[in-house]
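See below for the structure under consideration.
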Amino acid sequence: MEKRMQSLNAQAPLLPGDHQEDYNLKDTSPQLGERWPNGGAFGGRGWINGGDRFTSTYDLVEQMFYLYVKVVKAKELPPSSVTGSCDPYVEVKLGNYKGRTKHFDRKSNPEWNQVFAFSKDRVQSSLLEVFVKDKEMAGRDDYVGRVVFDLNEVPTRVPPDSPLAPQWYRLEDRRGEGKVRGEVMLAVWMGTQADEAFPEAWHSDAASVHGEGVFNIRSKVYVSPKLWYLRVNVIEAQDVVANDRSRLPDVFVKAQIGNQVLRTKICPTRTPNPLWNEDLVFVTAEPFEEQLLITVEDRVHPSKEDVLGKISLPLNEFEKRLDHRPVNSRWFNLEKYGFGVMEGDRRKELKFSSRIHLRVCLEGGYHVLDESTMYISDQKPTAKQLWKQPVGILEVGILGAQGLLPMKMKDGRGSTDAYCVAKYGQKWVRTRTIMETFNPRWNEQYTWEVYDPCTVITLGVFDNSHLGANSGGGSNAGRDARIGKVRIRLSTLEAHRTYTHSYPLLVLHPHGLKKMGELQLAIRFTTLSLANMINVYGQPLLPKMHYLHPFTVNQVDNLRYQAMNIVARRLGRAEPPLRKEVVEYMLDVDSHMWSMRRSKANFFRIMSLVSGMVAIGQWFGNVCYWKNPITSVLVHILFLILVWYPELILPTLCFYMFLVGLWNYRYRPRYPPHMDTKLSWAESVNPDELDEEFDTFPTCKPHDVVRMRYDRLRSVAGRIQTVVGDIATQGERFESLLGWRDPRATSLFIVFCVCAAVVLYATPFRVVALVGGLYYLRHPRFRSKLPSVPSSFFKRLPARTDSLL
């Protein structure tokens with residue numbers, strides 16, 4: 001199957017300039033909003049009058065009409081003449097589409113409560129037939145009765161109207177010439193995807209899916225588990241005795257939660273009362289399913305460690321702190337390893353047990369990072385009482401995709417069963433799976449609360465490989481293949497404007513760059529309070545605990561990896577599951593790995609910034625060499641004015657940036673950023689570099705020496721790559737100050753510039769210099785550990801990292 005997929009996607013690496021227009025963002029003009037022409041019914045009859053009706057419930061998607069049939073229950077069904085009992089089920093038929101309920105054994109009054117949805121675009125019949133049948137163990141199922149509906153008479157329901165009340169219908173015989181014994185309760189109406197019955201309904205376009213596969217095609221909303229940092233401060237231990245009583249132990253403490261294992265350093269002095277005072281930090285999630293296991297161990301020699309005592313503690317008993325104030329420490333008695341076989345010795349042993357002194361708390365003032373900080377979508381602390389009011393609303397309409405490539409083989413032909421996943425904050429959404437089409441239309445709309453506009457929403461498209469026996473070429477153990485991903489930074493969106501674009505879905509394969517299709521979205525960011533929005537730009541990027549008690553770089557990386565595993569594991573237990581490969585792709589689990597292509601991209605990002613400074617130097621050189629006499633004269637006059645009136649230097653500079661910002665407003669970006677193949681160096685990448693990028697870690701290359709050196713090089717180069725990318729990010733943020741990529745930040749900055757120009761003009765230069773110098777040299781008593789407002793504002797500015805593939 002894998003070789004077959006490679007043959008489907010095989011394509012030579014593209015050269016720069018080849019089909020560049022295919023990788024661009026495209027404007028679209030979908031018919032958004034709810035429209036009900038002709039009263040909303042099939043034949044022009046319905047409950048809506050007065051022409052078209054517009055509502056704002058689903059105003060970012062195209063309206064899709066469905067015929068809904070709700071089969072509630074039946075009563076007084078006649079028994080079979082053969083078996084003497086009735087095993088009923090209902091079959092709903094509309095044209096060539098058939099849907100059926102499950103059957104009940106020996107039940108004449110069954111209840112189903114199942115909804116069937118038939119797309120109006122695919123309906124080729126004017127009659128709806130509902131059959132009640134008796135399932136036979138052998139041969140054809142016995143016919144009980146039917147109910148027929150004329151689609152021209154079906155009413156239309158528009159939310160928020162109450163659900164249509166089901167009614168009892170007498171069953172007719174096969175020819176419709178008379179009534180038979182038995183009744184069925186049904187409700188039939190015309191509606192759209194906004195109907196609350198839509199997510200759980202059986203859909204006619206997925207009629208080929210049966211069994212467990214039905215649950216894997218439904219649209220769902222998921223919520224990430226509530227993550228906590230657990231800080232274990234190992235202070236000291238008492239009365240620790242080695243198994244070999246002739247020596248003093250080399251003691252260390254090992255703590256474990258699930259598969260997370262951390263250990264302290266070995267106590268530098270050999271003593272029965274060792275002292276460590278070390279912090280061990282774990283990631284855990286509510287509800288707490290695991291316990292904290294503490295063991296005190298003795299390093300006998302490098303290959304042997306003896307367990308001297310242990311204790312298992314439930315996480316629920318630890319205090320949850322919201323700030324930096326320390327919690328109370330506690331002493332815990334250690335159980336002897338292997339102790340507890342003889343209950344009679346237990347009381348005697350506890351009198352002389354070793355003790356350990358711990359300070360353990362659940363940190364509610366931190367934000368648990370589970371995604372790359374460059375594409376972070378949530379910055380709120382864990383404790384909900386520390387959350388601030390939302391500053392905006394993000395609405396996303398996932399319209400559909402176009403031109404998807406075949407991802408698997410079904411019945412000898414290529415096929416794709418696509419669904420879309422969107423992640424922002426703790427909320428994940430998954431659209432329903434559209435079967436066997438390269439141009440799926442989802443038209444599903446979702447809403448998120450926004451607490452910080454300097455965040456990123458990520459959307460990914462995947463091929464569903466878990467459709468039961470009908471999945472192409474595989475079992476349920478297959479992986480959902482990635483089709484592409486889109487990232488959009490909210491701060492680059494203008495408020496109250498609806499963006500309708502088609503985003504290219506680009507994926508790097510071992511054989512090169514491949515465009516997998518296009519994703520059509522409608523996005524709107526609405527601000528709730530301008531004052532709160534302005535205030536956010538001056539706040540620290542992360543909660544204050546990250547600055548008062550920061551983690552080391554290695555701790556952040558390790559904790560992020562553990563948080564990703566917990567999120568993937570918990571979401572994989574949902575129904576339908578959001579599988580591990582999907583969660584890892586959305587969270588960029590491999591973004592820190594070494595890649596020559598990414599390193600080149602970051603290097604040339606820096607070079608593009610340096611080239612600007614080089615251009616300024618060349619311009620100044622031209623002024624000095626009088627290449628343009630008029631320019632040289634003007635610069636000399638300006639220089640003399642500034643020397644004669646030094647108080648004009650800062651006002652002139654601020655006013656100049658204000659004018660540049662106003663001038664650049666004409667050329668501001670009119671659309672959100674997207675994956676840039678040139679910036680990512682993905683078009684002309686060397687095949688050998690791609691082979692290295694897709695290599696496993698550790699490498700699968702031969703020879704032990706090569707493996708050791710190669711892995712060491714990749715680890716070091718990955719650090720360098722991150723540093724280079726951070727430097728490029730800082731420079732690009734300087735560019736975005738006046739670039740209108742973030743319209744709110746640029747507006748704030750140019751307003752600040754003009755205000756600063758006026759204030760600095762009115763204030764003597766010597767006063768400004770004195771105040772600025774004293775402020776810069778102020779005593780540490782007057783300094784705060786939190787970042788300054790200018791620093792926080794600068795860190796919120798967008799960079800081109802969102803456009804990196």
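Numbers for the structure displayed
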| read-out | value |
| --- | --- |
| For Thr696: the one exception among (1) within 27 Å of Ala522 (Cα to Cα); (2) without any contact (Cβ under 8 Å) to a residue 12 or more places away in the chain | (1) |
| Hits in region 189-218 - residues which are out of contact with any helix residue (DSSP H, G or I) (no Cβ under 9 Å at 6 or more places or on another chain), hydrophobic (A, V, I, L, M, F, W, C) and modelled with pLDDT of 75 or more | Trp189, Ala194, Ala197, Phe198, Ala201, Phe215 |
| Pro698 vs. criteria outside any helix (DSSP H, G or I), within 31 Å of the chain's Cα centre (by Cα), outside the structural domain of Lys515 (by the TED database) and within 30 Å of Leu530 (Cα to Cα) | no |
| Tally of residues being open to solvent by 80 Å² or more (accessible area, probe 1.4 Å) and touching a residue at least 60 places away in the same chain (Cβ under 8 Å) across region 714-731 | 2 |
| Odd one out for Asn554, checked against (1) open to solvent by 50 Å² or more (accessible area, probe 1.4 Å); (2) free of Cβ contacts under 8 Å to residues at least 60 places away in the same chain; (3) closer than 30 Å to Thr677 by Cβ | (3) |
| Condition met for Ile523 (in contact (Cβ under 8 Å) with a residue 12 or more places away in the chain and assigned to a strand (DSSP E or B)) | yes |
| Some residue of region 779-786 being hydrophobic (A, V, I, L, M, F, W, C), assigned to a helix (DSSP H, G or I), open to solvent by 30 Å² or more (accessible area, probe 1.4 Å) and at pLDDT 85 or above | no |
| Contacts under 7 angstrom Cβ, first residue in region 241-264 being over 19 Å from Ser353 (Cα atoms), partner assigned to a loop (DSSP other than H, G, I, E, B), 6 or more apart | Ile257/Glu290; Gly258/Glu290 |
| Condition check for Tyr667: within 39 Å of the chain's Cα centre (by Cα) and open to solvent by 90 Å² or more (accessible area, probe 1.4 Å) | yes |
| Members of region 385-403 that are open to solvent by less than 10 Å² (accessible area, probe 1.4 Å) and over 21 Å from Arg744 (Cα atoms) | Gly397, Ile398, Leu399, Gly400, Ala401 |
| Residue that is least open to solvent (accessible area, probe 1.4 Å), among those in region 240-257 that are farther than 13 Å from Gly309 by Cβ and modelled with pLDDT under 90 | Asp250 |
| Residue that is surrounded by the fewest Cβ atoms within 10 Å (Cβ to Cβ), among those in region 526-542 that are polar (S, T, N, Q) and part of a helix (DSSP H, G or I) | Asn535 |
| Of all residues in region 288-302 being in contact (Cβ under 8 Å) with a residue 60 or more places away in the chain and closer than 30 Å to Ser246 by Cβ, the one that is surrounded by the fewest Cβ atoms within 10 Å (Cβ to Cβ) | Ile294 |
| Meets criteria (open to solvent by 40 Å² or more (accessible area, probe 1.4 Å), among the polar types (S, T, N, Q) and either closer than 28 Å to Ile720 by Cα or over 31 Å from the mean Cα position of the chain (by Cα) (or both)) for Asn602 | no |
| Condition broken by Phe65, with the remaining ones in (1) at pLDDT 85 or above; (2) surrounded by fewer than 18 Cβ atoms within 10 Å (Cβ to Cβ) satisfied | (2) |
| Ala563 vs. criteria more than 30 Å from Glu683 (Cβ to Cβ) and touching a strand residue (DSSP E or B) at 6+ places or on another chain (Cβ under 6 Å) | yes |
| Neighbours by Cβ (under 7 Å, 6+ apart or cross-chain): first from region 303-324, surrounded by 13 or more Cβ atoms within 10 Å (Cβ to Cβ); second of a type in the set (Lys, Arg) and in a strand (DSSP E or B) | Glu305/Arg299 |
| Evaluation of Met545 against (1) surrounded by 19 or more Cβ atoms within 10 Å (Cβ to Cβ); (2) modelled with pLDDT under 90 (one fails), failing number | (2) |
| Residues of region 109-156 satisfying the condition of being among the hydroxyl-bearing types (Ser, Thr, Tyr) and open to solvent by 50 Å² or more (accessible area, probe 1.4 Å) | Ser126 |
| Checking Ser736 against (1) in contact with a helix residue (DSSP H, G or I) (Cβ under 9 Å, 6 or more places away or on another chain); (2) within 21 Å of Ser591 (Cβ to Cβ), the condition it does not meet | (2) |
| Matching residues in region 434-467 - criterion: being open to solvent by less than 10 Å² (accessible area, probe 1.4 Å), out of contact with any Lys or Arg (no Cβ under 8 Å at 6 or more places or on another chain) and of a type in the set (S, T, N, Q) | Asn443, Asn464 |
| Filter result (assigned to a helix (DSSP H, G or I) and in contact (Cβ under 8 Å) with a residue 24 or more places away in the chain) within region 574-600 | Glu581, Val582, Tyr585, Met586, Met596, Arg597, Arg598, Ser599, Lys600 |
| Some residue of region 292-301 being modelled with pLDDT of 90 or more, more than 30 Å from Arg430 (Cβ to Cβ), basic (Lys, Arg) and in a strand (DSSP E or B) | no |
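The values are calculated or read from the model by the stated rules, or taken from the named source; none is laboratory data. Predicted, not measured: the structure shown is a model, and the values here were computed from it. In this analysis, Cβ positions are derived from the backbone assuming ideal geometry, glycine residues included, and neighbour counts consider all displayed protein chains. Areas reflect the complete protein model, heavy atoms only, side chains present, ligands, DNA and RNA absent. Shrake-Rupley method; radii C 1.70, N 1.55, O 1.52, S 1.80 Å.
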